[in-house]
Amino acid sequence: MLEDANRCLLCKNAKCQQGCPINTPIPEVMKLYKNGEMIEAGRMLFENNPLSLICSMVCVHEDQCKGNCILNKKGNPVEFYKIETEISSHYFAHNKLSHSSRSKGKVAIIGGGPAGITISFILSQKGYDVTLFEAHSKIGGVLRYGIPEYRLPNNMVDLVEEKLIESGVRIRPNTLIGPVITLDRLFQDGYKAAFIGTGVWNPKPLTIKGETLGNVHYAIDYLKSPETYRLGESVVVIGAGNVALDAARSAIRGGASKVTIVYRKGFSEMPATDQEIKEALDDGISFDLYKYPIEIKDNGIMLGMSDKNDDKVSFIHADSTIIAISQTARNNIVRSTTELNTSQMGLIITDREGRTTKPGTFASGDVVTGAKTVVEAIAHAKVVAKTIDDYCQTLDSCILNFVEDSDMLQCEESIIQSCREKWIVVED
């Protein structure tokens, strides 16, 4: 990769950096890499983006760093993301993350996806005692249970988990917050703040006849463990976002001989990235466009035409159908607490810095915005991590002043609650 790095012009006004959603300092990193300073280069990447290793594998580089390289004018851009993978892998392998004293108090992170992992890294490095509550047996969220193995090997997510533990983060797997441990109980047990980054794991249904049949599956469920499904020879996928294309490409790799994506519009309107569409076509996946499902049957799907002037109905054979039109948030946390407001879509309402309507509680990621890219979730998580740090420091100062100025004795929980309520929260 050094040969490719030597072509980098180290631009002062680097368009590659400007095209990166998390503003990776690419020229500075490349300079360190060229000089053989791998640990320093890795530290710079990690401090800017704790999931730099992951982003180097899953970001849409064609639209970001690679797509904005000035050398595109000559048709041969520098592939920084490959160098980023090498640097970040080296950094994790040869650098031990500091184990802080945890002197700043307890913070609860609910959900071990990209946002939760990012905030866990940042706050643990700042000296907070971080506990990450994960509903599944392993952390990763969409990284592990949504992105196929061929795009992001699970051993890379395992490595991130090892580094989290190394940095002092405690992980409680198989713990769904809400049914048994509520958000309010976390505060009762001394957590200064709680962060919610639980993602969107409820599939959105088509609500058409046949959706409950045994050969129908939701993409968000299928992608958690594709190897457990017996789809048959022919598969139809409804939808054309990145999740739909990931499901289609996984089905091909799982042994299906024919996979067809059904979409109500054309290629130019597809939510999936151009690169993902191109790779799906390269995999031999077919596209049946300008059609929508009317009814699912045991042996296929009835389709209508998107053109309102055409009432023709067609049938496409399928051993299995995978629905991938969208996802929504679960309500296990919201329904077990008070003051935590959500939108009509069930997403948690926050301000721009991640404050929810419940004092001391913060949120970001897909549970706030709906499904977005990994790097977008990480970029906003950095903002929310600072908000949480500011809040905890303000809370400490408030409690100290409250105790010094008060002539009457109050229990610790009452004092903390009074200080929390002084924190400005978002309005619904």
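The values are calculated or read from the model by the stated rules, or taken from the named source; none is laboratory data. Remember, predicted model here, so these are calculated numbers, not experimental data. Every residue, glycine among them, receives a Cβ derived from its backbone with ideal geometry; neighbour counts consider all protein chains shown.
None of Ala329, Ala272 is surrounded by 13 or more Cβ atoms within 10 Å (Cβ to Cβ), modelled with pLDDT under 95, within 20 Å of the chain's Cα centre (by Cα) and farther than 24 Å from Arg151 by Cα except Ala329. The residues of segment 114-135 that are in contact with a strand residue (DSSP E or B) (Cβ under 9 Å, 6 or more places away or on another chain) and either aliphatic (A, V, I, L, M) or at positive phi (or both), listed by number, are Ala115, Ile117, Ile119, Leu123, Val130, Leu132, Ala135. Does Glu376 count as modelled with pLDDT of 80 or more, assigned to a helix (DSSP H, G or I) and acidic (Asp, Glu)? Yes; evaluated as a whole, the condition is true for this residue. Of the helices (runs of 4 or more DSSP H) contained entirely in segment 130-241, those carrying at least 3 residues that are within 24 Å of Ser257 (Cα to Cα) and not charged (D, E, K, R) fall at 219-222.
Starting from segment 160-173, take each residue that is within 18 Å of Ser103 (Cβ to Cβ) and list its partners that are at pLDDT 95 or above, counting only C-beta distances under 6 angstrom and pairs at least six apart or across chains. From residues that are within 18 Å of Ser103 (Cβ to Cβ), the pairs are Ser167/Ser124; Gly168/Ser124; Val169/Ser120; Val169/Ser124; Val169/Val130; Val169/Leu132; Arg170/Thr131. Within segment 357-376, being over 15 Å from Val142 (Cβ atoms), among the hydroxyl-bearing types (Ser, Thr, Tyr) and surrounded by fewer than 24 Cβ atoms within 10 Å (Cβ to Cβ) holds for one residue alone: Thr357. In this entry, Gly111 passes the filter for residues that are under 25 Å from the mean Cα position of the chain (by Cα), in the same structural domain as Thr369 (by TED's automatic domain parsing), at positive phi and modelled with pLDDT of 95 or more.
Glu40 falls short on exactly one of the conditions (1) over 25 Å from Ser167 (Cα atoms); (2) without any contact (Cβ under 8 Å) to a residue 24 or more places away in the chain, and that condition is (1).
Residues that are outside any loop (DSSP other than H, G, I, E, B), outside the structural domain of Asn242 (by TED's automatic domain parsing), out of contact with any strand residue (DSSP E or B) (no Cβ under 7 Å at 6 or more places or on another chain) and at pLDDT below 95 do occur in segment 74-82. Please enumerate the residues belonging to segment 100-115 that are farther than 21 Å from Gln393 by Cα and touching an Asp or Glu at 6+ places or on another chain (Cβ under 6 Å). Gly112 - this is the single residue of segment 100-115 that is farther than 21 Å from Gln393 by Cα and touching an Asp or Glu at 6+ places or on another chain (Cβ under 6 Å). Taken together, the residues in segment 377-400 that are surrounded by 17 or more Cβ atoms within 10 Å (Cβ to Cβ), of a type outside the set (S, T, N, Q) and farther than 15 Å from Gly105 by Cβ amount to 7.
Count of segment 235-258 residues, restricted to those that are within 14 Å of Gln275 (Cα to Cα) and of a type in the set (S, T, N, Q), is 1. Answer yes or no: is there a residue in segment 142-150 that is charged (D, E, K, R) and under 20 Å from Val367 (Cα atoms). For segment 142-150, residues charged (D, E, K, R) and under 20 Å from Val367 (Cα atoms): present.
Where residues in segment 85-129 are aliphatic (A, V, I, L, M) and in a helix (DSSP H, G or I), which of them is nearest to Ile171 (Cα to Cα)? Of everything passing the filter in segment 85-129, Ile117 is nearest to Ile171 (Cα to Cα).
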